[in-house]
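Enquirer: Sharing a structure here in C-alpha coordinates format.
The values are calculated or read from the model by the stated rules, or taken from the named source; none is laboratory data. From a predicted model like this one, the values you see are computed outputs, not experimental measurements. Cβ placement follows ideal geometry from the backbone for every residue including glycine, while neighbour counts extend to all protein chains displayed.
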Amino acid sequence: MKHYDILIAGAGFAGIYAAWRLARSGAKVALVEASDKIGGNLQSKRWKEWWVDNGTHNFDIRTPIGEAFYTDILRDNILIWDDQQWGCTTDKTWTMGFEMPDFSVDDPALAQTALAELAALEAEPEKPVPAQYLDWYQATYGPTLTEAVKPMLAKYTGSDPALFSSDARGALGMFSRPKLGNDAEMIALKESSPFWDARVGVSLASGDPRFAGKSVNKKFCYPAKGALTGFCDAAKARLEALGVDIFTSSGVSHIEDGNGCVEVKAGDHSFRAGKLFWSLPEVVLAKVLGIDVDLMSSAVPVGTCFFVFEVPEASILGPDYLQDYSLSRLPFRYNKLGVYSEQTKADGTTLVTAEAPCHPAKIKEVATEANLARAWEAMLDVGFVKQGTQASNAMFWGHPVAYTMPKTGWRAPYEQAQAAFAKVSERIVGVEFGYRGRFNFMTFYDTKLESRLLGEPT
Ligand SMILES: Cc1cc2nc3c(=O)[nH]c(=O)nc-3n(C[C@H](O)[C@H](O)[C@H](O)COP(=O)(O)OP(=O)(O)OC[C@H]3O[C@@H](n4cnc5c(N)ncnc54)[C@H](O)[C@@H]3O)c2cc1C
(Lines give C-alpha, C1' and ligand atoms only; values in the text may rest on other atoms or scores of the structure.)
Protein backbone atom coordinates (compact mmCIF):
# COMPACT_ATOMS: atom_id res chain seq x y z
CA MET A 1 0.00 0.00 0.00
CA LYS A 2 1.39 3.43 -1.01
CA HIS A 3 1.17 6.37 1.45
CA TYR A 4 0.64 10.03 0.51
CA ASP A 5 -0.33 13.24 2.24
CA ILE A 6 -2.81 13.92 -0.57
CA LEU A 7 -4.12 11.67 -3.28
CA ILE A 8 -5.70 13.41 -6.25
CA ALA A 9 -8.36 11.57 -8.24
CA GLY A 10 -8.50 12.73 -11.88
CA ALA A 11 -5.65 14.31 -13.81
CA GLY A 12 -7.57 16.90 -15.82
CA PHE A 13 -6.80 20.57 -15.38
CA ALA A 14 -8.04 20.61 -11.76
CA GLY A 15 -5.89 17.62 -10.76
CA ILE A 16 -2.80 18.92 -12.54
CA TYR A 17 -3.07 22.41 -11.08
CA ALA A 18 -3.73 21.15 -7.53
CA ALA A 19 -0.79 18.70 -7.80
CA TRP A 20 1.51 21.52 -8.95
CA ARG A 21 0.48 23.82 -6.09
CA LEU A 22 0.58 21.11 -3.41
CA ALA A 23 3.93 19.66 -4.50
CA ARG A 24 5.46 23.14 -4.41
CA SER A 25 4.15 23.62 -0.89
CA GLY A 26 6.02 20.46 0.20
CA ALA A 27 3.18 17.91 0.34
CA LYS A 28 3.72 14.32 -0.79
CA VAL A 29 1.23 13.98 -3.63
CA ALA A 30 0.04 11.32 -6.10
CA LEU A 31 -2.26 11.74 -9.09
CA VAL A 32 -4.43 8.83 -10.17
CA GLU A 33 -5.95 8.93 -13.63
CA ALA A 34 -8.31 6.47 -15.34
CA SER A 35 -7.07 6.98 -18.91
CA ASP A 36 -3.59 6.24 -20.20
CA LYS A 37 -2.71 9.97 -20.40
CA ILE A 38 -3.11 12.96 -18.16
CA GLY A 39 -4.98 16.10 -19.27
CA GLY A 40 -8.65 15.09 -19.49
CA ASN A 41 -10.42 17.69 -21.60
CA LEU A 42 -7.09 19.28 -22.42
CA GLN A 43 -5.92 16.43 -24.63
CA SER A 44 -5.91 17.04 -28.38
CA LYS A 45 -6.92 14.56 -31.05
CA ARG A 46 -4.48 13.30 -33.67
CA TRP A 47 -5.91 13.81 -37.15
CA LYS A 48 -3.52 13.03 -40.00
CA GLU A 49 -0.43 15.04 -39.08
CA TRP A 50 -2.33 17.60 -37.00
CA TRP A 51 -3.08 18.01 -33.30
CA VAL A 52 -6.66 19.24 -32.95
CA ASP A 53 -8.04 20.37 -29.59
CA ASN A 54 -11.44 19.60 -28.17
CA GLY A 55 -12.63 23.07 -29.08
CA THR A 56 -11.33 26.54 -28.39
CA HIS A 57 -9.04 26.88 -25.39
CA ASN A 58 -6.50 29.39 -24.19
CA PHE A 59 -4.69 29.84 -20.89
CA ASP A 60 -5.33 32.84 -18.76
CA ILE A 61 -2.20 34.60 -17.49
CA ARG A 62 -3.83 37.78 -16.20
CA THR A 63 -3.04 36.85 -12.60
CA PRO A 64 0.49 36.40 -11.21
CA ILE A 65 -0.29 32.80 -10.16
CA GLY A 66 -1.75 31.99 -13.60
CA GLU A 67 1.35 33.37 -15.23
CA ALA A 68 3.63 31.46 -12.82
CA PHE A 69 1.78 28.18 -13.42
CA TYR A 70 1.60 28.24 -17.21
CA THR A 71 5.13 29.52 -17.69
CA ASP A 72 6.54 26.95 -15.24
CA ILE A 73 4.73 24.11 -17.05
CA LEU A 74 5.20 25.23 -20.64
CA ARG A 75 8.72 26.75 -20.32
CA ASP A 76 10.09 27.27 -23.83
CA ASN A 77 6.99 25.77 -25.47
CA ILE A 78 4.93 28.89 -24.77
CA LEU A 79 3.18 31.34 -27.03
CA ILE A 80 2.19 34.50 -25.13
CA TRP A 81 -0.56 36.70 -26.53
CA ASP A 82 -0.81 40.23 -25.27
CA ASP A 83 -2.69 41.35 -28.33
CA GLN A 84 -5.15 38.52 -28.77
CA GLN A 85 -8.15 39.54 -30.82
CA TRP A 86 -11.54 38.38 -29.58
CA GLY A 87 -14.51 39.15 -31.73
CA CYS A 88 -18.22 38.59 -31.72
CA THR A 89 -20.91 38.96 -34.28
CA THR A 90 -24.68 39.04 -34.13
CA ASP A 91 -24.85 39.10 -37.91
CA LYS A 92 -22.31 40.41 -40.39
CA THR A 93 -20.89 43.00 -38.03
CA TRP A 94 -17.89 42.09 -35.95
CA THR A 95 -17.17 43.71 -32.63
CA MET A 96 -13.70 43.30 -31.22
CA GLY A 97 -13.51 42.67 -27.54
CA PHE A 98 -15.82 41.29 -24.92
CA GLU A 99 -17.65 38.08 -25.73
CA MET A 100 -20.98 39.89 -25.67
CA PRO A 101 -23.84 39.89 -28.12
CA ASP A 102 -23.61 43.13 -30.06
CA PHE A 103 -26.98 44.64 -30.96
CA SER A 104 -25.67 48.13 -31.57
CA VAL A 105 -25.25 47.89 -35.34
CA ASP A 106 -27.47 45.00 -36.39
CA ASP A 107 -30.57 46.00 -34.43
CA PRO A 108 -30.39 49.65 -33.24
CA ALA A 109 -34.18 49.80 -32.59
CA LEU A 110 -33.95 46.83 -30.22
CA ALA A 111 -30.93 48.44 -28.54
CA GLN A 112 -32.89 51.67 -27.97
CA THR A 113 -35.87 49.82 -26.42
CA ALA A 114 -33.53 47.75 -24.24
CA LEU A 115 -31.76 50.91 -23.02
CA ALA A 116 -35.09 52.51 -22.09
CA GLU A 117 -36.14 49.37 -20.16
CA LEU A 118 -32.81 49.28 -18.37
CA ALA A 119 -33.17 52.96 -17.41
CA ALA A 120 -36.58 52.14 -15.86
CA LEU A 121 -35.08 49.19 -13.95
CA GLU A 122 -32.34 51.42 -12.59
CA ALA A 123 -34.96 53.38 -10.69
CA GLU A 124 -36.46 50.25 -9.10
CA PRO A 125 -35.32 48.96 -5.70
CA GLU A 126 -33.11 45.80 -5.58
CA LYS A 127 -35.12 42.56 -5.50
CA PRO A 128 -34.10 39.07 -4.31
CA VAL A 129 -32.57 36.85 -7.03
CA PRO A 130 -35.32 34.66 -8.62
CA ALA A 131 -34.72 30.89 -8.90
CA GLN A 132 -34.80 30.73 -12.70
CA TYR A 133 -32.11 32.19 -14.91
CA LEU A 134 -34.55 33.74 -17.40
CA ASP A 135 -36.54 35.40 -14.57
CA TRP A 136 -33.30 36.81 -13.20
CA TYR A 137 -32.32 38.01 -16.68
CA GLN A 138 -35.64 39.78 -17.18
CA ALA A 139 -35.49 41.41 -13.72
CA THR A 140 -31.95 42.61 -14.47
CA TYR A 141 -32.11 43.46 -18.19
CA GLY A 142 -35.79 43.87 -19.05
CA PRO A 143 -38.11 41.91 -21.36
CA THR A 144 -36.72 43.02 -24.75
CA LEU A 145 -33.18 41.82 -24.09
CA THR A 146 -34.52 38.64 -22.49
CA GLU A 147 -36.47 37.75 -25.63
CA ALA A 148 -33.47 38.68 -27.81
CA VAL A 149 -30.94 36.56 -25.91
CA LYS A 150 -33.20 33.48 -25.44
CA PRO A 151 -32.46 31.95 -28.88
CA MET A 152 -28.80 32.96 -28.56
CA LEU A 153 -28.62 31.14 -25.22
CA ALA A 154 -30.19 28.08 -26.83
CA LYS A 155 -27.55 28.23 -29.58
CA TYR A 156 -24.72 28.72 -27.07
CA THR A 157 -25.75 25.84 -24.77
CA GLY A 158 -27.63 23.54 -27.15
CA SER A 159 -30.44 23.35 -24.55
CA ASP A 160 -33.62 25.17 -23.53
CA PRO A 161 -32.57 28.17 -21.36
CA ALA A 162 -35.86 27.89 -19.43
CA LEU A 163 -34.24 24.93 -17.62
CA PHE A 164 -31.37 26.92 -16.12
CA SER A 165 -31.17 28.04 -12.54
CA SER A 166 -30.12 31.63 -11.84
CA ASP A 167 -26.92 30.07 -10.43
CA ALA A 168 -25.92 29.54 -14.07
CA ARG A 169 -25.38 33.28 -14.50
CA GLY A 170 -21.63 33.06 -13.81
CA ALA A 171 -21.18 30.55 -16.66
CA LEU A 172 -23.30 32.71 -18.96
CA GLY A 173 -21.43 35.91 -18.16
CA MET A 174 -21.02 36.99 -21.79
CA PHE A 175 -24.79 37.54 -22.06
CA SER A 176 -24.53 40.00 -19.17
CA ARG A 177 -22.55 42.54 -21.21
CA PRO A 178 -24.58 43.24 -24.34
CA LYS A 179 -23.42 46.14 -26.48
CA LEU A 180 -26.34 48.49 -27.06
CA GLY A 181 -24.74 51.57 -28.59
CA ASN A 182 -21.43 52.86 -29.86
CA ASP A 183 -18.33 52.69 -27.66
CA ALA A 184 -18.49 56.35 -26.60
CA GLU A 185 -22.11 55.93 -25.43
CA MET A 186 -21.35 52.69 -23.62
CA ILE A 187 -18.29 54.17 -21.90
CA ALA A 188 -20.34 57.17 -20.73
CA LEU A 189 -23.04 54.87 -19.33
CA LYS A 190 -20.54 52.57 -17.67
CA GLU A 191 -18.94 55.55 -16.01
CA SER A 192 -22.26 56.92 -14.81
CA SER A 193 -23.02 54.25 -12.16
CA PRO A 194 -22.30 50.65 -11.07
CA PHE A 195 -25.75 49.74 -12.43
CA TRP A 196 -24.68 50.44 -16.01
CA ASP A 197 -21.12 49.32 -15.50
CA ALA A 198 -22.44 45.83 -14.64
CA ARG A 199 -24.89 45.74 -17.54
CA VAL A 200 -23.40 47.03 -20.77
CA GLY A 201 -20.40 46.12 -22.87
CA VAL A 202 -17.88 48.10 -24.84
CA SER A 203 -15.47 46.81 -27.46
CA LEU A 204 -11.74 46.56 -26.91
CA ALA A 205 -11.31 48.69 -29.98
CA SER A 206 -12.38 51.61 -27.80
CA GLY A 207 -8.88 51.31 -26.28
CA ASP A 208 -10.21 52.74 -23.03
CA PRO A 209 -7.68 52.03 -20.25
CA ARG A 210 -10.42 52.10 -17.56
CA PHE A 211 -11.47 48.66 -18.65
CA ALA A 212 -8.07 47.11 -17.97
CA GLY A 213 -8.66 44.10 -15.73
CA LYS A 214 -12.32 43.79 -16.73
CA SER A 215 -11.83 41.14 -19.39
CA VAL A 216 -10.05 43.76 -21.41
CA ASN A 217 -6.58 42.79 -20.33
CA LYS A 218 -5.60 40.51 -23.17
CA LYS A 219 -3.00 38.29 -21.55
CA PHE A 220 -3.35 34.69 -22.55
CA CYS A 221 -0.98 31.92 -23.57
CA TYR A 222 -1.08 28.62 -25.39
CA PRO A 223 1.46 25.89 -26.18
CA ALA A 224 3.61 27.03 -29.09
CA LYS A 225 3.78 23.45 -30.34
CA GLY A 226 1.62 20.33 -30.07
CA ALA A 227 -1.59 22.22 -29.19
CA LEU A 228 -3.07 21.17 -25.82
CA THR A 229 -1.25 17.85 -25.96
CA GLY A 230 1.92 19.95 -25.73
CA PHE A 231 0.62 21.25 -22.40
CA CYS A 232 -0.29 17.75 -21.13
CA ASP A 233 3.15 16.33 -22.00
CA ALA A 234 4.90 19.29 -20.37
CA ALA A 235 2.69 19.01 -17.26
CA LYS A 236 3.55 15.34 -16.81
CA ALA A 237 7.30 16.02 -17.04
CA ARG A 238 7.12 19.03 -14.70
CA LEU A 239 4.97 17.32 -12.05
CA GLU A 240 7.28 14.31 -12.00
CA ALA A 241 10.26 16.64 -11.60
CA LEU A 242 8.45 18.18 -8.60
CA GLY A 243 8.14 14.71 -7.02
CA VAL A 244 4.49 13.95 -7.87
CA ASP A 245 3.81 10.24 -8.52
CA ILE A 246 1.47 9.80 -11.48
CA PHE A 247 -0.55 6.60 -11.95
CA THR A 248 -2.30 6.42 -15.33
CA SER A 249 -4.73 3.67 -16.41
CA SER A 250 -5.78 3.69 -12.74
CA GLY A 251 -9.44 4.63 -12.36
CA VAL A 252 -10.59 5.00 -8.75
CA SER A 253 -12.93 2.10 -8.02
CA HIS A 254 -13.17 2.05 -4.22
CA ILE A 255 -12.90 4.59 -1.37
CA GLU A 256 -13.32 4.00 2.35
CA ASP A 257 -12.48 5.71 5.59
CA GLY A 258 -9.34 4.21 7.16
CA ASN A 259 -7.83 4.67 10.60
CA GLY A 260 -6.87 8.37 10.44
CA CYS A 261 -6.67 8.25 6.64
CA VAL A 262 -8.64 7.48 3.52
CA GLU A 263 -8.07 4.23 1.64
CA VAL A 264 -8.40 4.18 -2.11
CA LYS A 265 -8.19 1.49 -4.79
CA ALA A 266 -7.34 2.66 -8.28
CA GLY A 267 -6.49 0.23 -11.08
CA ASP A 268 -4.04 -2.30 -9.67
CA HIS A 269 -2.92 0.06 -6.89
CA SER A 270 -3.96 0.61 -3.28
CA PHE A 271 -3.31 3.88 -1.49
CA ARG A 272 -3.59 5.42 1.98
CA ALA A 273 -3.73 9.21 2.13
CA GLY A 274 -4.36 11.96 4.66
CA LYS A 275 -6.84 13.52 2.22
CA LEU A 276 -8.41 12.61 -1.09
CA PHE A 277 -8.94 15.48 -3.48
CA TRP A 278 -11.80 14.42 -5.75
CA SER A 279 -11.38 16.64 -8.82
CA LEU A 280 -14.08 14.80 -10.79
CA PRO A 281 -17.82 15.49 -10.99
CA GLU A 282 -19.86 14.51 -7.91
CA VAL A 283 -21.88 12.10 -10.00
CA VAL A 284 -18.79 9.88 -10.46
CA LEU A 285 -18.05 9.98 -6.72
CA ALA A 286 -21.63 8.98 -5.91
CA LYS A 287 -21.24 6.01 -8.26
CA VAL A 288 -17.92 4.88 -6.72
CA LEU A 289 -19.37 5.18 -3.19
CA GLY A 290 -22.64 3.47 -4.17
CA ILE A 291 -24.68 6.50 -3.09
CA ASP A 292 -28.08 6.75 -4.73
CA VAL A 293 -28.71 10.46 -5.30
CA ASP A 294 -30.13 11.65 -8.61
CA LEU A 295 -27.50 14.25 -9.47
CA MET A 296 -28.14 13.97 -13.22
CA SER A 297 -31.54 15.58 -12.79
CA SER A 298 -29.96 18.69 -11.24
CA ALA A 299 -27.70 19.59 -14.18
CA VAL A 300 -28.04 20.34 -17.88
CA PRO A 301 -25.01 18.93 -19.70
CA VAL A 302 -23.54 20.90 -22.59
CA GLY A 303 -21.72 18.94 -25.27
CA THR A 304 -20.00 20.21 -28.38
CA CYS A 305 -19.43 19.22 -31.99
CA PHE A 306 -16.26 20.26 -33.75
CA PHE A 307 -15.69 20.86 -37.41
CA VAL A 308 -12.09 21.13 -38.60
CA PHE A 309 -10.86 22.37 -41.97
CA GLU A 310 -7.47 22.45 -43.64
CA VAL A 311 -6.98 25.82 -45.31
CA PRO A 312 -4.12 28.01 -46.54
CA GLU A 313 -3.00 30.16 -43.60
CA ALA A 314 -3.03 33.19 -45.91
CA SER A 315 -6.79 32.89 -46.40
CA ILE A 316 -7.69 33.18 -42.68
CA LEU A 317 -8.95 36.66 -41.93
CA GLY A 318 -9.29 36.09 -38.17
CA PRO A 319 -9.63 37.34 -35.45
CA ASP A 320 -8.17 34.72 -33.06
CA TYR A 321 -11.58 33.77 -31.68
CA LEU A 322 -14.89 34.74 -33.15
CA GLN A 323 -18.11 34.12 -31.20
CA ASP A 324 -20.98 33.93 -33.64
CA TYR A 325 -24.37 34.81 -32.13
CA SER A 326 -26.12 34.91 -35.49
CA LEU A 327 -29.03 32.46 -35.49
CA SER A 328 -28.81 31.89 -39.23
CA ARG A 329 -25.44 30.13 -38.90
CA LEU A 330 -24.58 26.83 -37.26
CA PRO A 331 -21.36 27.18 -35.19
CA PHE A 332 -20.85 29.30 -32.12
CA ARG A 333 -17.07 29.78 -32.17
CA TYR A 334 -14.33 29.76 -34.78
CA ASN A 335 -10.60 29.65 -34.13
CA LYS A 336 -7.35 29.35 -36.00
CA LEU A 337 -5.97 26.48 -34.00
CA GLY A 338 -3.19 25.49 -36.39
CA VAL A 339 -1.73 28.97 -36.46
CA TYR A 340 -1.49 29.11 -32.65
CA SER A 341 0.43 25.88 -32.33
CA GLU A 342 2.74 26.54 -35.27
CA GLN A 343 1.02 23.88 -37.29
CA THR A 344 1.51 25.32 -40.75
CA LYS A 345 2.89 22.96 -43.36
CA ALA A 346 5.57 23.92 -45.88
CA ASP A 347 2.83 24.48 -48.49
CA GLY A 348 1.20 27.09 -46.19
CA THR A 349 -1.74 24.86 -45.13
CA THR A 350 -3.03 25.01 -41.56
CA LEU A 351 -6.28 24.28 -39.74
CA VAL A 352 -9.26 26.24 -38.48
CA THR A 353 -12.06 24.95 -36.27
CA ALA A 354 -15.74 25.72 -35.79
CA GLU A 355 -17.63 24.65 -32.70
CA ALA A 356 -21.35 24.00 -32.33
CA PRO A 357 -22.66 23.32 -28.82
CA CYS A 358 -25.40 20.71 -28.48
CA HIS A 359 -27.02 18.56 -25.85
CA PRO A 360 -25.04 15.28 -25.47
CA ALA A 361 -28.11 13.31 -26.58
CA LYS A 362 -28.13 15.25 -29.87
CA ILE A 363 -24.50 14.76 -30.87
CA LYS A 364 -25.37 12.21 -33.55
CA GLU A 365 -27.80 14.69 -35.10
CA VAL A 366 -25.33 17.59 -35.09
CA ALA A 367 -22.02 15.88 -35.93
CA THR A 368 -22.96 15.06 -39.53
CA GLU A 369 -21.56 15.55 -43.04
CA ALA A 370 -24.42 17.96 -43.78
CA ASN A 371 -23.47 20.13 -40.80
CA LEU A 372 -19.81 19.96 -41.77
CA ALA A 373 -20.85 21.63 -45.02
CA ARG A 374 -22.98 24.18 -43.10
CA ALA A 375 -20.09 24.97 -40.74
CA TRP A 376 -17.82 25.64 -43.73
CA GLU A 377 -20.42 27.91 -45.35
CA ALA A 378 -20.76 29.73 -42.02
CA MET A 379 -17.02 30.23 -41.77
CA LEU A 380 -16.96 31.85 -45.22
CA ASP A 381 -20.19 33.75 -44.68
CA VAL A 382 -19.05 35.36 -41.44
CA GLY A 383 -15.74 36.30 -43.06
CA PHE A 384 -13.51 34.24 -40.80
CA VAL A 385 -11.97 32.68 -43.91
CA LYS A 386 -11.75 34.52 -47.25
CA GLN A 387 -14.61 33.87 -49.72
CA GLY A 388 -13.55 31.50 -52.49
CA THR A 389 -11.17 29.49 -50.25
CA GLN A 390 -11.22 25.73 -50.76
CA ALA A 391 -10.73 23.47 -47.71
CA SER A 392 -8.36 20.68 -48.75
CA ASN A 393 -9.61 18.32 -46.00
CA ALA A 394 -12.22 18.40 -43.25
CA MET A 395 -13.44 16.29 -40.37
CA PHE A 396 -15.87 16.45 -37.46
CA TRP A 397 -16.59 14.79 -34.13
CA GLY A 398 -18.70 15.25 -31.01
CA HIS A 399 -17.57 15.66 -27.41
CA PRO A 400 -20.34 14.61 -25.00
CA VAL A 401 -19.76 16.96 -22.06
CA ALA A 402 -17.84 20.21 -22.11
CA TYR A 403 -19.51 21.51 -18.95
CA THR A 404 -22.79 21.35 -17.07
CA MET A 405 -25.26 24.04 -16.11
CA PRO A 406 -27.29 23.93 -12.88
CA LYS A 407 -31.00 23.32 -13.35
CA THR A 408 -33.54 25.16 -11.26
CA GLY A 409 -33.82 23.14 -8.00
CA TRP A 410 -30.28 21.72 -8.27
CA ARG A 411 -29.29 22.65 -4.74
CA ALA A 412 -31.26 20.02 -2.73
CA PRO A 413 -29.87 16.87 -4.44
CA TYR A 414 -26.39 18.44 -4.49
CA GLU A 415 -26.44 19.09 -0.74
CA GLN A 416 -27.87 15.62 -0.09
CA ALA A 417 -24.93 14.12 -2.03
CA GLN A 418 -22.38 16.25 -0.15
CA ALA A 419 -23.77 15.08 3.20
CA ALA A 420 -23.61 11.43 2.06
CA PHE A 421 -19.98 11.85 0.93
CA ALA A 422 -19.00 13.39 4.29
CA LYS A 423 -20.54 10.37 6.08
CA VAL A 424 -18.20 8.02 4.19
CA SER A 425 -15.14 10.11 5.05
CA GLU A 426 -14.50 13.69 6.05
CA ARG A 427 -11.16 13.34 4.31
CA ILE A 428 -12.74 13.55 0.84
CA VAL A 429 -12.60 17.10 -0.52
CA GLY A 430 -14.33 18.00 -3.79
CA VAL A 431 -14.73 21.03 -6.07
CA GLU A 432 -17.61 23.24 -4.99
CA PHE A 433 -20.31 24.07 -7.46
CA GLY A 434 -19.44 27.09 -9.61
CA TYR A 435 -15.68 26.60 -9.50
CA ARG A 436 -15.13 24.29 -12.46
CA GLY A 437 -13.29 25.66 -15.49
CA ARG A 438 -9.68 26.69 -15.42
CA PHE A 439 -9.78 30.26 -14.14
CA ASN A 440 -12.50 29.56 -11.56
CA PHE A 441 -10.69 26.51 -10.30
CA MET A 442 -7.53 28.54 -9.62
CA THR A 443 -9.62 30.91 -7.49
CA PHE A 444 -11.15 27.95 -5.67
CA TYR A 445 -7.71 26.54 -4.90
CA ASP A 446 -6.60 29.81 -3.32
CA THR A 447 -9.75 30.64 -1.44
CA LYS A 448 -10.90 27.22 -0.21
CA LEU A 449 -9.11 24.13 -1.43
CA GLU A 450 -5.55 24.45 -0.16
CA SER A 451 -6.61 25.16 3.43
CA ARG A 452 -8.97 22.16 3.35
CA LEU A 453 -6.35 19.82 1.91
CA LEU A 454 -3.49 20.89 4.12
CA GLY A 455 -5.57 21.51 7.28
CA GLU A 456 -7.20 19.03 9.68
CA PRO A 457 -10.42 17.30 8.55
CA THR A 458 -13.49 19.20 9.71
C1 LIG B 1 -14.81 22.40 -25.85
C2 LIG B 1 -14.42 22.90 -24.50
C3 LIG B 1 -14.07 24.23 -24.34
C4 LIG B 1 -13.74 24.73 -23.11
N5 LIG B 1 -13.36 26.03 -22.97
C6 LIG B 1 -12.98 26.51 -21.77
C7 LIG B 1 -12.49 27.82 -21.58
O8 LIG B 1 -12.38 28.56 -22.56
N9 LIG B 1 -12.15 28.25 -20.33
C10 LIG B 1 -12.25 27.43 -19.26
O11 LIG B 1 -11.92 27.84 -18.14
N12 LIG B 1 -12.70 26.18 -19.41
C13 LIG B 1 -13.06 25.71 -20.62
N14 LIG B 1 -13.50 24.43 -20.77
C15 LIG B 1 -13.65 23.65 -19.61
C16 LIG B 1 -12.31 23.17 -19.18
O17 LIG B 1 -11.61 22.60 -20.26
C18 LIG B 1 -12.61 22.18 -18.20
O19 LIG B 1 -13.37 22.78 -17.15
C20 LIG B 1 -11.37 21.63 -17.57
O21 LIG B 1 -10.42 21.21 -18.52
C22 LIG B 1 -11.90 20.47 -16.80
O23 LIG B 1 -10.89 19.99 -16.00
P24 LIG B 1 -11.27 18.97 -14.89
O25 LIG B 1 -9.99 18.58 -14.27
O26 LIG B 1 -12.32 19.52 -14.02
O27 LIG B 1 -11.98 17.74 -15.65
P28 LIG B 1 -11.52 16.81 -16.87
O29 LIG B 1 -10.69 17.50 -17.84
O30 LIG B 1 -12.78 16.14 -17.34
O31 LIG B 1 -10.59 15.74 -16.16
C32 LIG B 1 -11.07 14.69 -15.39
C33 LIG B 1 -10.08 13.53 -15.48
O34 LIG B 1 -10.48 12.50 -14.59
C35 LIG B 1 -10.31 11.23 -15.22
N36 LIG B 1 -11.20 10.25 -14.60
C37 LIG B 1 -12.51 9.96 -14.86
N38 LIG B 1 -12.97 9.01 -14.04
C39 LIG B 1 -11.94 8.68 -13.21
C40 LIG B 1 -11.79 7.77 -12.12
N41 LIG B 1 -12.78 6.97 -11.70
N42 LIG B 1 -10.59 7.72 -11.49
C43 LIG B 1 -9.56 8.52 -11.88
N44 LIG B 1 -9.65 9.41 -12.91
C45 LIG B 1 -10.81 9.48 -13.54
C46 LIG B 1 -10.64 11.52 -16.68
O47 LIG B 1 -10.05 10.54 -17.52
C48 LIG B 1 -10.00 12.91 -16.85
O49 LIG B 1 -8.65 12.84 -17.26
C50 LIG B 1 -13.80 23.88 -22.01
C51 LIG B 1 -14.14 22.53 -22.16
C52 LIG B 1 -14.43 22.03 -23.41
C53 LIG B 1 -14.72 20.56 -23.60
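Enquirer: Report whether or not Ala23 is modelled with pLDDT of 95 or more and either away from the ligand (no atom under 14 Å from the Cβ) or buried (at least 23 other Cβ atoms within 10 Å of the Cβ) (or both).
Expert: Yes.
Enquirer: Checking Cys88 against (1) without any contact (Cβ under 8 Å) to a residue 60 or more places away in the chain; (2) in contact with a Phe, Trp or Tyr (Cβ under 9 Å, 6 or more places away or on another chain), which test does it fail?
Expert: Failing condition for Cys88: (1).
Each row is one residue, and each column tells you yes or no for (1) modelled with pLDDT of 95 or more; (2) surrounded by 18 or more Cβ atoms within 10 Å (Cβ to Cβ).
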| residue | (1), (2) |
| --- | --- |
| Gly230 | yes, yes |
| Gly258 | no, no |
| Val264 | yes, yes |
| Gly267 | yes, no |
| Lys287 | yes, no |
| Ala299 | no, yes |
| Pro312 | yes, yes |
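Enquirer: While we're here: Among the listed residues Tyr445, Tyr403, Tyr414, identify the single one that is under 27 Å from Cys358 (Cβ atoms), hydroxyl-bearing (Ser, Thr, Tyr) and within 16 Å of the ligand (Cβ to nearest atom).
Expert: Exactly one residue qualifies, and that residue is Tyr403.
Enquirer: Grab the helices (runs of 4 or more DSSP H) fully contained in segment 321-431, keeping just those with 3 or more residues being in the same structural domain as Ile8 (by TED's automatic domain parsing) and touching a residue at least 12 places away in the same chain (Cβ under 8 Å).
Expert: So the answer is 411-424.
Enquirer: Anything in segment 252-288 that is under 27 Å from Phe59 (Cα atoms) and over 24 Å from the mean Cα position of the chain (by Cα)? List them, or say none.
Expert: Leu276
Enquirer: Still on this structure, please answer the following. Let me confirm something: among Glu426, Glu365, which residue is of a type in the set (Asp, Glu), over 29 Å from Ala286 (Cβ atoms) and more than 21 Å from the chain's Cα centre (by Cα)?
Expert: None of the others qualify; the one that does is Glu365.
Enquirer: Here is a follow-up. When you check Phe103 against the structure, is it surrounded by 15 or more Cβ atoms within 10 Å (Cβ to Cβ), over 30 Å from Ser249 (Cβ atoms), out of contact with any Asp or Glu (no Cβ under 9 Å at 6 or more places or on another chain) and in contact (Cβ under 8 Å) with a residue 60 or more places away in the chain, yes or no?
Expert: yes
Enquirer: Follow-up. Only residues that are more than 15 Å from the chain's Cα centre (by Cα) and outside any helix (DSSP H, G or I): list them for segment 432-458, please.
Expert: Correct list: Glu432, Gly455, Glu456, Pro457, Thr458.
Enquirer: Can you confirm whether segment 33-40 contains a residue that is more than 13 Å from the ligand (Cβ to nearest atom) and of a type in the set (Asp, Glu)? Before the answer, list the steps.
Expert: As a first pass, look at segment 33-40 and keep what is more than 13 Å from the ligand (Cβ to nearest atom): none.
Within segment 33-40, not a single residue is more than 13 Å from the ligand (Cβ to nearest atom) and of a type in the set (Asp, Glu).
Enquirer: Which numbered condition trips up Lys28, out of (1) within 16 Å of the ligand (Cβ to nearest atom); (2) within 24 Å of Gly251 (Cα to Cα); (3) basic (Lys, Arg)?
Expert: It is condition (1) that Lys28 fails.
Enquirer: Among (1) in contact with a Leu (Cβ under 6 Å, 6 or more places away or on another chain); (2) within 22 Å of Asn54 (Cα to Cα); (3) not hydrophobic (A, V, I, L, M, F, W, C), which single condition is Pro331 missing?
Expert: For Pro331, the exception is condition (1).
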